[in-house]
Protein chains: 2
Amino acid sequence: MDLKSLIRTVPNYPKPGILFRDISTLLYNGNALKYITEIYYNRYKDKKINGIASIEARGFIFGAILSEKLGIAFIPIRKKGKLPCKVYREKYELEYGTDELEVDITAIKKNDNILIMDDLIATGGTAIAAGNLVNRFDANIYEYTFLIDLPDLGGSKKLINKNYSVYSLMKFSGE
Amino acid sequence: MDLKSLIRTVPNYPKPGILFRDISTLLYNGNALKYITEIYYNRYKDKKINGIASIEARGFIFGAILSEKLGIAFIPIRKKGKLPCKVYREKYELEYGTDELEVDITAIKKNDNILIMDDLIATGGTAIAAGNLVNRFDANIYEYTFLIDLPDLGGSKKLINKNYSVYSLMKFSGE
């Protein structure tokens, strides 16, 4: 299945000059959901992963599907102020200013083996913040996984430079 | 499986006197993810449903799992300003003021048979707005489905009074 053909590219969003890669059109395709899930399942089924830390909101989609398929914990990493419990909190940079991600302090156990999932990696700010959150538990980050990598924006390289494993289903570079 | 025992109740959140029903602790349990998915799958597998309209963000979790399992469209219903495309938009009431939900105008086809999914129904404001969005496509709402119904807050009754079918896995009432 040609997954890249299912991605909708929106020019000049959210601002002029940016090509926004939108997974919505892929999500409307039930066969594509099954195809992607099969790839992820085969990659991770024997890896003794305890949970999938999934970044709000689009990261929840395949994070949830794969957690259920593997029968392991779904761990929501949420935007600031959404969780009703004690949280760990990490700042990350936006173009102007900063924002924060949070995770329940009871969500992960020490030495758990955690997969971090999001739909897309660009500059890597949220991915690094999510990793910092997982590290607060003294857990292991098995790998970062994304549907889409925009390698020109350098995020996946930053993760690799921190000795993390990174896996993406699609790359969009200079197109 | 006693699902209600897996829900964390947080007193006085988000304000004094409210008992917040938090599904996080259920999500950390991979067996519970599988158990709930089996219930939903058996309920909907033969119903010729074309897509699951899933309300951001917690509604994405089982909406995505079940869309993949059934091999049908996952349709994100998002908070205002998150979608990079032309949208239909519906207001709903908050305690103070209003907010808006949006859906891609290409997400659903006329006469599609749509399941609407969220984690919890309380007063029903977002559920009704989500239904109004689905109706903009001249699609059919097969059913509303929730993990948790808080019947004392009247939302599920409002939906039933509009002749919608409503299904919930758990009810919390006066406890």
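The values are calculated or read from the model by the stated rules, or taken from the named source; none is laboratory data. No experiment lies behind these values; they were computed from the predicted model shown. Ideal geometry is used to build each Cβ from the backbone, glycine not excepted, and the neighbour counts take in all protein chains shown. Only protein heavy atoms, including side chains, enter the accessible area calculation; ligands, DNA and RNA are left aside. Shrake-Rupley method; radii C 1.70, N 1.55, O 1.52, S 1.80 Å.
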Report task. Residue by residue through the stretch B:142-153, note down the ones that are open to solvent by 20 Å² or more (accessible area, probe 1.4 Å) and either small (Gly, Ala, Ser) or farther than 22 Å from residue B:19 by Cβ (or both). Result -> B:142
Requested in this report: Check A:165, A:67 and return the single one that is among the hydroxyl-bearing types (Ser, Thr, Tyr) and within 23 Å of residue B:36 (Cβ to Cβ).
Outcome: A:67
Query raised in the report: Among the candidates B:101, B:147, which residue alone is closer than 22 Å to residue A:24 by Cα and under 15 Å from the mean Cα position of the chain (by Cα)?
Result: B:101
Report summary line: Note on the stretch B:150-175: residues in a loop (DSSP other than H, G, I, E, B) and either under 13 Å from the mean Cα position of the chain (by Cα) or at pLDDT 95 or above (or both) are B:150, B:154, B:162, B:163, B:164, B:165, B:172
Report task. Considering only residues that are at the interface with chain A (Cβ under 7 Å from one of its Cβ atoms) and touching a residue at least 24 places away in the same chain (Cβ under 8 Å), look in the stretch B:52-61 and name the one that is farthest from residue A:79 (Cα to Cα). Result -> B:61
Report task. From (1) open to solvent by 10 Å² or more (accessible area, probe 1.4 Å); (2) part of a helix (DSSP H, G or I), pick out the condition that doesn't hold for residue B:133. Result -> (1)
Query - residue A:108 vs. criteria in contact with a Ser or Thr (Cβ under 9 Å, 6 or more places away or on another chain) and either within 26 Å of residue B:11 (Cα to Cα) or not in a strand (DSSP E or B) (or both) - result: no
Query raised in the report: For the stretch A:31-60, how many residues are within 16 Å of residue A:126 (Cβ to Cβ) and outside any loop (DSSP other than H, G, I, E, B)?
Result: 6
Query raised in the report: Can you find even one residue in the stretch A:61-75 that is surrounded by fewer than 18 Cβ atoms within 10 Å (Cβ to Cβ) and either more than 14 Å from the chain's Cα centre (by Cα) or outside any strand (DSSP E or B) (or both)?
Result: yes
Query raised in the report: Residue check: is residue B:95 more than 21 Å from residue B:170 (Cβ to Cβ) and under 16 Å from the mean Cα position of the chain (by Cα)?
Result: no
Query - Selection from the stretch A:29-51 of residues that are facing chain B (nearest Cβ under 8 Å) and hydrophobic (A, V, I, L, M, F, W, C) - result: A:33
Query raised in the report: Going through the stretch A:2-28 one residue at a time, which ones are in a loop (DSSP other than H, G, I, E, B), over 17 Å from residue B:83 (Cβ atoms) and at pLDDT 95 or above?
Result: A:2
Requested in this report: Tell me which residues, restricted to the stretch B:19-43, are more than 15 Å from the chain's Cα centre (by Cα) and either within 21 Å of residue A:59 (Cβ to Cβ) or open to solvent by less than 10 Å² (accessible area, probe 1.4 Å) (or both).
Outcome: B:24, B:25, B:26, B:27, B:28, B:29, B:30, B:32, B:33, B:34
Requested in this report: Only one of these is within 17 Å of residue A:23 (Cβ to Cβ) and either surrounded by fewer than 20 Cβ atoms within 10 Å (Cβ to Cβ) or touching a residue at least 40 places away in the same chain (Cβ under 8 Å) (or both): A:121, A:105, A:116, A:160. Name it.
Outcome: A:121
Query raised in the report: Are there any pairs with C-beta distances below 9 angstrom linking a residue in the stretch B:1-28 that is facing chain A (nearest Cβ under 9 Å) and under 23 Å from residue A:69 (Cα atoms) to a residue that is β-branched (Val, Ile, Thr) and in a strand (DSSP E or B), with the two at least 6 apart or on different chains, and if so which?
Result: B:22/B:9; B:22/B:10; B:24/A:75; B:27/A:75; B:28/A:75
